[in-house]
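Asker: Submitted below is the structure of interest, expressed as structure tokens.
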Amino acid sequence: MYDLMIENARLYPMDGDAHLADARSLAVHNGCIAALDAHGPAREVVDAGDRVVLPGFIDCHTHALYAGDRMREHLMRLAGATYAEIARNGGGILSTVEAVRGATEAALVEATLPRLAALASEGVTSVEIKSGYGLSLNEELRMLRAIAALDARTPLEIYPTFLGAHAVPRGMTKADYVREIVDTMLPAVARQGLARAVDIFVEDIGFDLDDLRLIFERAKALGFELRAHCEQLSNLGGTRLAARLGALSCDHLEFADAEAIEAMAVAGTVAVLLPTAFYFLRETRKPPVAALRARGVPMAVASDLNPGSAPVASLLTAMHMAATLFGLEPEEILLGVTLHAARALGQEHCVGSLATGKRANFTLWNLPAPEFLMYQLGGLRPDAVYIEGRRI
Ligand code: NIG
Ligand code: FE
């Protein structure tokens, strides 16, 4: 006896490609997908009425936990200032660090809940959330505890990432801060089990290749997955090194070159593309999508939700932009928010597609076809969202 049966559905399993399945039904047991094309009794039967069923979307790159806003910086940018100039003049990430340090853990959670609700309303069932606005041991731990609290407070599956290496805090040299990350912060985060992955912002306003190597080697030894922000504003070679050190994903990649792409292809690293940040910062250099495709590098798409470069609590908007701005094909984008996003989080064994044994995270849509999500912008919502077989 299954717990739940979805019948009469157009299933798009996203299991390798983005095609419509022959199967018309999906059975759920104990929170997992028990079978496709199943028959047999179930405690609850839902007639999908020929609607589209997709795996729950995975937003695999966000900085959704923050306090305050950076509206004034955005207005400065609209008047011509660049992201890097604002950062060098004391704005940027460090201004959000001040706001986060001034907020209680409860206030951080309350500020983030509506942003997660906005993502969930669009069919997102898993969200990665990075720290990185604390920049000291205690403040980073506080952010990570708030992320754990969000996991308990929402039905969403939350994947916490430690991004201590997001910016150098005021009053410290980069070398001293990197030493603190390596010697103190990484072991503490590991001991407390508060993050699955470690991320770093490789850029001349962030961290360099030596920092990347030091942090990744220690993180790897402590059992963390590795991710990196690379080649967003310039080409420093972070992608090549991160991929060689075993990064699950390299993210942004506007300035990635052939060597970077080759290193990702060899290592099986996922390219996480973030068109909202490209759009919001009014960048002109696009990631090398055709070359990534040609070399078979899996591409994911994420919202990058953050107060500075992408105050965009909408994965559907990122998906639309991935098509119109970056030239990804609709099928690539659908895989980019399901199977490939799961891979970027090292979770492809349990989420990201409609496959037997994976968690029963899926959504029902009244759409002519999934590609419609890359056509209409705004106003699209799933009729139902299920996480581990329960409707939320
Ligand atoms: O992914 N580039 C670094 N991190 C973020 C921006 C964070 C911020 O500006 O607050 C990004 O774009
Ligand atoms: Fe980011």
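Asker: Note down the accessible area of residue 229, probe 1.4 Å, to the nearest 10 Å².
Answerer: The accessible area comes out at roughly 10 Å².
Asker: Can you tell me how region 57-194 classifies by the Cα gyration tensor, rounded, prolate or oblate, using a/c under 1.5 as the rounded cut?
Answerer: Oblate shape, in that a/c is at least 1.5 and b/c is the bigger or equal ratio.
Asker: OK, next. Points 7 angstrom from Cα along the Cβ direction at residue 30 and residue 78: gap in nanometres?
Answerer: In this crude spin-label approximation the distance works out to 5.4 nm.
Asker: Sticking with this one: Which value, in Å² and to the nearest 10, is the accessible area of residue 172 when all protein chains are kept and the probe is 1.4 Å?
Answerer: 70 Å²
Asker: Which whole-angstrom value gives the distance between the alpha carbon centres of region 30-62 and region 123-198?
Answerer: With region 30-62 and region 123-198 each reduced to a Cα centre, they are spaced 33 Å.
Asker: Please give the peptides 105-113, 240-248 ranked by average Cβ packing (other Cβ atoms within 10 Å per residue), highest first, as a rough proxy for protection.
Answerer: Packing proxy ranking, top to bottom: 240-248, 105-113.
Asker: Taking Cα centroids, how far is region 80-102 from region 274-309 in Å?
Answerer: Computed from Cα coordinates, the inter-centre distance equals 22 Å.
Asker: Given the chain, what percent of its DSSP beta bridges are antiparallel, to the nearest 5?
Answerer: Once the DSSP bridges in the chain are tallied, antiparallel ones form about 35 percent.
Asker: Still on this structure, I have one more. Take every DSSP beta bridge whose two residues both sit in region 252-392, then give the antiparallel share in percent to the nearest 5.
Answerer: Values: 6 of 9 bridges.
Here the antiparallel bridges make up roughly 65 percent for region 252-392.
Asker: What is the angle, in °, between the Cα long axis of helix 137-153 and the longest principal axis of the Cα atoms in the chain? Nearest 10 is fine, range 0 to 90.
Answerer: Compared with the principal axis, the helix lies near 10 degrees.
Asker: Going from most exposed to least, what order do 252, 29, 349 have by accessible area with a 1.4 Å probe? Show your work: numbers first, answer last.
Answerer: Values: 252 5, 29 70, 349 125 Å².
My answer, sorted largest first, is 349, 29, 252.
Asker: Can you compute the modelled spin-label distance between residue 37 and residue 390, with each label point 7 Å from Cα toward Cβ, in nm?
Answerer: Result: 3.2 nm between the two label points.
Asker: Efficiency by 1/(1 + (r/R0)^6): what FRET value for residue 381 and residue 88, r their Cβ-Cβ distance, R0 = 41 Å, to the nearest 0.05?
Answerer: 0.50
Asker: Given R₀ = 25 Å, FRET efficiency for residue 331-residue 209 by Cβ-Cβ distance, to 0.05?
Answerer: The computed FRET efficiency comes out at 0.10.
Asker: Points 7 angstrom from Cα along the Cβ direction at residue 371 and residue 176: gap in nanometres?
Answerer: According to this spin-label approximation, the distance is 5.8 nm.
Asker: Nearest 10 degrees is fine. How inclined is helix 105-121 to the longest principal axis of the chain, computing both from alpha carbons?
Answerer: 40 degrees
Asker: Next up: Considering the options 107, 201, 292, tell which one lies farthest towards the positive end of the dipole of the chain, charges being +1 on Lys and Arg and -1 on Asp and Glu at the Cβ, about the Cα centre.
Answerer: Checked the options; the winner is 107.
Asker: For the Cα atoms of the chain, what angle does the longest principal axis make with the long axis of helix 209-221, in degrees from 0 to 90, nearest 10?
Answerer: With rounding to tens, the tilt is 50 degrees.
Asker: Determine the calculated [θ] at 222 nm for the chain from helices alone, applying -39500 (n - 2.57) to every DSSP H run no shorter than 4 residues and normalising by the residue count; nearest 500 deg cm²/dmol.
Answerer: It comes out at -10000 deg cm²/dmol, rounded to the nearest 500.
The values are calculated or read from the model by the stated rules, or taken from the named source; none is laboratory data. Just so we're clear, the structure is a prediction, and the values are computed from it rather than from any experiment. Please note: Cβ atoms are built from the backbone with ideal geometry, for glycine as well, and neighbour counts cover all protein chains shown. Accessible surface is based on the protein model in full, side chains and every heavy atom, while ligands, DNA and RNA are left aside. Shrake-Rupley method; radii C 1.70, N 1.55, O 1.52, S 1.80 Å.
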